[in-house]
Amino acid sequence: MPFAPSRKPARTRGQTIVEFALTLPVLILLLLFAIDFGRVFLGWISLNNAARVGANYAAMHPHDWDSGSGPAEYDTLMADNLGAINCSPTPDPAADPAFGPTKEPGELVRVDLGCNFTVLTPIISSVLSGTISISSSASFPISSGCLAACPTGPPAPPPGPPADNCRTAPDVRDMSVAGARALWVSAGFLASEFVPVSGPDDTRTVDNYTVSQSANPDGCVPPEWMFNAQMTVTLVPLVTPKPTPTCLYVPDIRGMTVADGRAAWTAAAFTGAFLPTGNDTRIVLDQVTLPAGDPGDCLEPDTSITVSHGPGLPPPPPAPCQVPSFVNTSSSSATAIWTDAGFEAGNISFKPKNGSFTVRSQTLVGGTYVACDSSIELRDR
C-alpha cells in the first residue's frame, strides 16, 4: 500500500512577522556598517588627493616658504580641497609641507594630513568614542630649480677684500640699472661710483658699461679694479613712439630683489598679477610677461608678469680706509685725524708714549688703503 506524502505544517503570517522583526536590527546594523565604511573610504580617497595636491604645489614652489610663513595660494588651495571632504581635517588649517635641508631639485617634500569621522553605527561609535581618525601622506620631488645646463645668473662677488684692494668688475649687461648697481656694490665697489647713482632710470635695461680708474695705487689689472673705480652704464632705448596711447613701458627688474621688483611693477601702474608671491629677499633672474614682451616694450596695463629668482646677494666686503700721512704733524692731533679717516681710536699708538712730539715716521704708509681695523704706531724718529 503506497504511503501518502507528508505535508509540512503551514507557515502562519504571524511567524513571518516575528522572524522579520528579529532580523531587521541585524539588517539595519549591516546597512550602517556599509554606510560608515563607504564614508571612511570616500574620505580617505579625498584626503589622499588633497595631500598629493599640496605636495605637488610645494614641489613646484619650494621657496615660497623661505620667509617662514606659507603662501596664500597654498592655504587657499588646501582649504578648497579639504572644504568638501566629509570629515573634520586635522590640523585645520593644514600644516605647512615638510621640506628637506636644501630645497634643491630632486629632494622630497612631504605633506601630512589627517581627518576625524563621526561614526553613525552605534556599536562602532561606542568602541571608538564616536570618531575614526585616518591620515594620509604624499611626497613629491622638488621640481623648481635648474637641473642641467644651468644659467649662472649674476656673477658671484669676490668672497672678501683682497690684500691689494683690487675687485673684479661684474658683467651687468641685460640687467636693470638697480640690479646692476646692487651687484656692483656687492662686488666690493662704492655705490657713489656707479653712474647713474640713482633716479628714474633704475628700471631701464643696461645695454653696456665702462669702468674707469682715476688712481690705481695697488696696480690692479682689468678685469680687476681698485675698489673706488667708477662704472658708467648705457641704457637700451625705449620703444618709441608708443604703439597705443594707453600702453605702459615694461620695467626691467632683473637683478633686483623680488620685493623691489614687485614695487617697481606696481609703480609702473600695471594692474596685472605679479607672480609668484613671497620670496622678497631673493634676486630676480628673469621675467616673462603675458602677453609676451621685453623690458622697455610698451604693453597694456592689464599685462601680468612672472619672475624666476635665485639666492640673494651676499653682503659686500668692507671698504678699506686710506692711511693719513702723519709725518711732520703733531702727535696731539693724530688721534682725531686717524678716526676721521675711519679707523678705530684704540688702534693708534705712540713712541714715546708720553708727551707731544712731531711725528717723523709711521708704521703704515700714508695714502695707501688698508683694512679699517688696522693698527699704526707713530714715532718721533
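Please treat every number below as a calculation from the coordinates, not as lab data. All values reported here derive from a predicted model rather than from experimental measurement. Every residue, glycine as well, gets a Cβ built from its backbone with ideal geometry; the counts of neighbours run over all protein chains shown.
Numerical summary
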{"item": "Dipole magnitude (debye, nearest 20) for the stretch 166-310, charges at Cβ of Lys, Arg, Asp, Glu", "result": "120 debye"}
{"item": "Length released on extending from Ile45 to Thr306, taking residue separation times 0.36 nm less the Cα-Cα span", "result": "90.6 nm"}
{"item": "Straight-distance crosslink candidates among aspartates and glutamates, where the alpha carbon sits under 13 Å from Lys242 and sequence neighbours closer than 8 are dropped", "result": "Asp297, Glu300"}
{"item": "Contour minus Cα-Cα distance for Thr358 and Thr16 (0.36 nm per residue)", "result": "110.3 nm"}
{"item": "For the chain, with +1 on Lys and Arg beta carbons and -1 on Asp and Glu, the positive-most of Val233, Ser212, Phe117 along the dipole", "result": "Phe117"}
{"item": "Pairwise centroid distance, computed over Cα atoms, of the stretch 22-58 with the stretch 99-117, Å", "result": "24 Å"}
{"item": "Pair Ser330, Thr244: separation of 7 Å Cα→Cβ label points (nm)", "result": "7.5 nm"}
{"item": "Antiparallel content of DSSP bridges confined to the stretch 166-310, in %, to 5", "result": "85 percent"}
{"item": "C-alpha center-to-center spacing [the stretch 303-361, the stretch 237-264] in angstrom", "result": "41 Å"}
{"item": "Answer label, with Cα extents along the principal axes in Å calculated from the coordinates and candidates (1) 155, 66, 35; (2) 65, 47, 45; (3) 89, 80, 39", "result": "(1)"}
{"item": "Fraction of antiparallel bridges per DSSP, the chain only, in percent to nearest 5", "result": "85 percent"}
{"item": "Separation of the Leu190 and Leu30 label points, Cα + 7 Å toward Cβ, nm", "result": "9.2 nm"}
{"item": "Nearest-20 debye value, the chain charge dipole, Cβ charges on Lys, Arg, Asp, Glu", "result": "1420 debye"}
{"item": "In nm, spacing of pseudo-spin labels at Ala98 and Thr281 (7 Å Cα→C-beta vector)", "result": "2.6 nm"}
{"item": "At least 24 Å along the helix axis (C-alpha) and Kyte average at least -1.0, DSSP helices within the chain", "result": "13-60"}
{"item": "Percent RCO, i.e. relative contact order, over the stretch 245-353, from Cα pairs under 8 Å lying at least 6 residues apart", "result": "25 percent"}
{"item": "Dipole of the stretch 321-379, positive end: most advanced residue of Ser374, Phe357, Gly342 [Cβ charges, Cα centre]", "result": "Phe357"}
{"item": "Relative contact order (percent, whole number), the stretch 321-379, Cα cutoff 8 Å, 6+ residue spacing", "result": "48 percent"}
{"item": "Dipole of the chain, positive direction: furthest Cα of Ala292, Ala319, Thr90, with charges on the beta-carbon", "result": "Thr90"}
{"item": "Percentage relative contact order, the chain, counting C-alpha pairs under 8 Å, at least six apart", "result": "11 percent"}
{"item": "Residues Val236 and Glu107, FRET efficiency given R0 of 51 Å [Cβ-Cβ distance, rounded to 0.05]", "result": "0.85"}
{"item": "Listed residues Thr281, Thr306, Thr329, most fluctuating in the chain (Gaussian network, C-alpha, under 10 Å)", "result": "Thr329"}
